[in-house]
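Shown next, in structure tokens, is the structure this report addresses.
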Amino acid sequence: MTTQPSRLSRRRRRGQIGRAVTLGLVLATAVMTAGTPAGAASPSPSAPDLGPNVTVFDPGMPVGDIQATLDAAHAAQVDNEMGATRHAYLFKPGTYGTAEQPLQIKVGYYTEIAGLGASPADVVINGKVEVYNRCLADGGTGNCLALVNFWRTLSNLSINVNAAGQDGCRSSANFWAVSQAVSLRRLNISGGNLSLMDYCTAGPQYASGGFIADSRLPSVTNGSQQQWLTRNSEVAGWSNGVWNQVFAGVVGAPAETGFPTPPYTTLDATPVSREKPYLFADAQGRYSVRVPAARKNTRGVSWADGLTPGRTLPISEFFVAKPSDSVHVINSQLARGKHLLLTPGVYDIARSIEVKRPNTVVLGLGHATLTAVRGSIPLDVADVPGVIVAGVTVDAGLDRSPVLLRVGKQHGDHRGGSSASNPTTLSDVYFRVGGPHVGKTGTALEVNSDHVLIDHAWVWRADHGVEGFTDTQRWNTNLGRNGAVINGDHVTATGLFVEHFQQYNTVWNGDDGTTILYQNELPYDPPAQADWMNGAVEGWAGYKVGNRVRTHKLYGAGVYVFNQNNPQIHTENGFEVPQTPGVRLHHIMTVNLSAGTIDHVVNGLGDAADTTKIGAPVYVADYPAP
């Protein structure tokens with residue numbers, strides 16, 4: 001059921017937000033007490049205090065009580081797109097739900113659902129874990145789509161799909177209709193199909209995701225998803241696809257034949273990978289964090305033969321931070337050799353959190369969010385090996401920050417820094433400039449170290465929000481020059497999504513870089529062509545490889561245009577790269593979403609993506625041509 005999508009509906013719906021925030025706070029207070037759900041057993045003496053925004057379920061808790069807690073949480077968060085509520089729901093090892101009484105979970109904004117087992121098989125959900133379209137018009141019955149279903153996480157458990165009690169359409173699949181900043185990791189799904197679009201609501205049913213890693217999946221209906229990366233997984237089957245559908249190291253992936261029909265890009269193995277760290281509890285209730293090792297040229301799931309290769313860190317080696325903790329306290333703990341666990345919430349960061357020690361793990365739960373205050377760099381990682389930052393969102397603040405997350409110092413001495421065998425890794429790290437409030441930064445993500453792995457990042461200058469601006473005002477108020485600037489050599493990105501920045505969205509200056517799936521939307525809001533000029537060149541490419549780069553590889557990439565403020569605006573190229581044999585682009589495209597023009601796909605090659613081709617991509621299979 002392939003549907004030709006568009007993303008014209010990414011701006012609207014402001015009236016529900018304030019009510020949703022208030023409702024979310026009331027319900028969160030009503031059903032959570034000190035991290036333990038009503039009716040659940042108290043934490044064991046060895047369990048950490050994860051704060052009031054983490055709920056831990058035990059398999060002995062009645063299914064009805066768990067269902068009621070999760071239903072109330074979803075009601076609070078389903079429309080809370082720009083709110084401040086964050087929450088994680090964690091399941092101790094065991095089985096939840098029965099054939100007669102399945103546990104049917106719906107996941108809203110800023111919500112993490114995760115198992116606490118060492119293996120995904122240790123936590124079994126008999127039922128479903130789902131995301132449906134969000135309906136944004138006619139009182140919540142019309143304009144139903146997944147284009148704004150952001151910021152949610154599902155990981156480390158098994159789902160035995162059971163649709164008992166659902167109607168005919170809803171019983172046909174486990175629905176996961178999402179877009180950016182949503183990850184599926186370490187899942188074992190059986191007993192039914194997985195659909196990445198919600199075809200049960202009224203249209204248009206568009207979706208713009210997404211990311212799966214380290215998962216064993218049944219047959220998957222991709223449907224209306226514009227782009228998707230599936231990495232190091234197993235799939236029983238895959239149907240449909242709209243634009244860029246990319247597979248790396250996936251057993252059962254569709255073959256790469258006849259691009260763009262179908263629009264599949266398939267790599268037999270993932271050149272560099274490291275799975276995201278995960279929290280787990282043993283039979284005695286002791287909590288630890290498993291830190292997977294970096295691997296090369298891999299395919300399939302990491303847990304096929306037992307415990308994912310890596311190291312285990314007891315929770316006692318972490319400083320468990322709350323939003324009330326000062327940066328001074330956090331930095332003192334890091335300096336003493338502690339790792340950092342950020343419990344759910346919004347942290348105001350007026351000076352940098354400084355990660356200086358090799359192999360430090362910074363793990364966020366429930367979309368923990370660092371917000372820049374007074375122009376700070378919220379997170380600053382030294383040029384040392386093996387640092388892992390995972391599950392963290394970084395927001396620009398009211399005053400301009402030079403950078404939101406920096407890895408290594410520019411022009412620094414990289415000797416002794418990140419290495420090929422132990423790369424600094426960013427997993428599920430997201431950025432926002434605007435949206436919930438005014439945001440200003442020069443660059444969102446700056447990588448200066450060599451041998452860094454970026455494993456799923458969404459870098460977003462907001463095209464909509466609750467700041468109260470018109471789209472013209474946003475151009476001069478929410479400021480973001482570049483989304484990602486990569487200066488280090490040998491950097492790999494698996495799943496890089498960068499949108500709406502005011503100059504080059506991504507600038508890749510380091511040599512020997514690799515990107516596997518890149519998605520970009522140019523900014524909606526330049527007021528005039530004069531505001532969108534790179535010297536004498538009309539516009540800025542969505543993906544720029546530096547002129548001095550000699551080797552670079554890009555697999556499966558798209559640049560989209562929707563110049564809604566001024567449909568007459570032109571962008572000369574979607575991609576701009578040096579013309580050298582070592583810089584190679586495989587399966588790239590541009591597309592017009594109804595306003596503006598991209599004149600060429602890459603370096604003057606490829607037809608214009610203009611308003612005569614709305615929703616019809618212009619493809620270049622390989623650049624340079626083989």
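The values are calculated or read from the model by the stated rules, or taken from the named source; none is laboratory data. As the structure is a computational prediction, the values presented were derived from the model and not from experiment. So basically every Cβ, Gly included, is an ideal-geometry build from the backbone, and we count neighbours across all protein chains shown.
Details
- Strands (runs of 3 or more DSSP E) lying entirely in segment 468-517 (those with 2 or more residues that are of a type in the set (Gly, Ala, Ser) and touching a Ser or Thr at 6+ places or on another chain (Cβ under 7 Å)): 479-486
- For the residues 105, 66, the requirement of being in a strand (DSSP E or B) and among the hydrophobic types (A, V, I, L, M, F, W, C) singles out 105.
- Among the residues making up segment 563-576, a single one is within 27 Å of the chain's Cα centre (by Cα), surrounded by fewer than 24 Cβ atoms within 10 Å (Cβ to Cβ) and at pLDDT 95 or above: 576.
- Scanning segment 134-168 for residues that are assigned to a loop (DSSP other than H, G, I, E, B) and under 22 Å from residue 100 (Cβ atoms) turns up 162, 163, 164, 165, 166, 167, 168.
- Residues of segment 344-368 classified as surrounded by fewer than 22 Cβ atoms within 10 Å (Cβ to Cβ) and hydrophobic (A, V, I, L, M, F, W, C), total: 2
- Within the set 558, 606, the sole residue that is closer than 21 Å to residue 495 by Cα and either surrounded by fewer than 24 Cβ atoms within 10 Å (Cβ to Cβ) or touching a residue at least 12 places away in the same chain (Cβ under 8 Å) (or both) turns out to be 558.
- So residue 257, is it of a type in the set (Val, Ile, Thr), touching a Pro at 6+ places or on another chain (Cβ under 8 Å) and within 30 Å of residue 592 (Cα to Cα): no
- Of the residues in segment 579-598, not one is touching a Phe, Trp or Tyr at 6+ places or on another chain (Cβ under 8 Å), without any contact (Cβ under 8 Å) to a residue 40 or more places away in the chain, in a loop (DSSP other than H, G, I, E, B) and under 20 Å from residue 508 (Cα atoms).
- Residue in segment 408-462 that is nearest to the chain's Cα centre (by Cα), counting only those that are among the basic types (Lys, Arg) and crowded, with 24+ Cβ neighbours inside 10 Å: 432
- Screening 539, 615 for residues that are touching a Pro at 6+ places or on another chain (Cβ under 9 Å), assigned by TED's automatic domain parsing to the domain that holds residue 506, small (Gly, Ala, Ser) and surrounded by 21 or more Cβ atoms within 10 Å (Cβ to Cβ) leaves exactly one candidate, 539.
- Residues of segment 65-98 classified as among the small types (Gly, Ala, Ser), surrounded by fewer than 18 Cβ atoms within 10 Å (Cβ to Cβ) and either in the same structural domain as residue 392 (by TED's automatic domain parsing) or over 22 Å from the mean Cα position of the chain (by Cα) (or both), total: 3
- Number of the exception - residue 261 against (1) more than 29 Å from residue 56 (Cβ to Cβ); (2) over 23 Å from the mean Cα position of the chain (by Cα); (3) of a type in the set (Val, Ile, Thr); (4) not in a loop (DSSP other than H, G, I, E, B): (4)
- Residues being β-branched (Val, Ile, Thr), part of a loop (DSSP other than H, G, I, E, B) and surrounded by 23 or more Cβ atoms within 10 Å (Cβ to Cβ) - total across segment 171-226: 1
- All positions within segment 120-151 that are at pLDDT below 95 and either under 30 Å from residue 290 (Cα atoms) or more than 23 Å from the chain's Cα centre (by Cα) (or both): 137, 138, 139, 140, 141, 142, 143
- Some residue of segment 99-119 being at positive phi, in the same structural domain as residue 179 (by TED's automatic domain parsing), at pLDDT 95 or above and touching a Gly at 6+ places or on another chain (Cβ under 9 Å): yes
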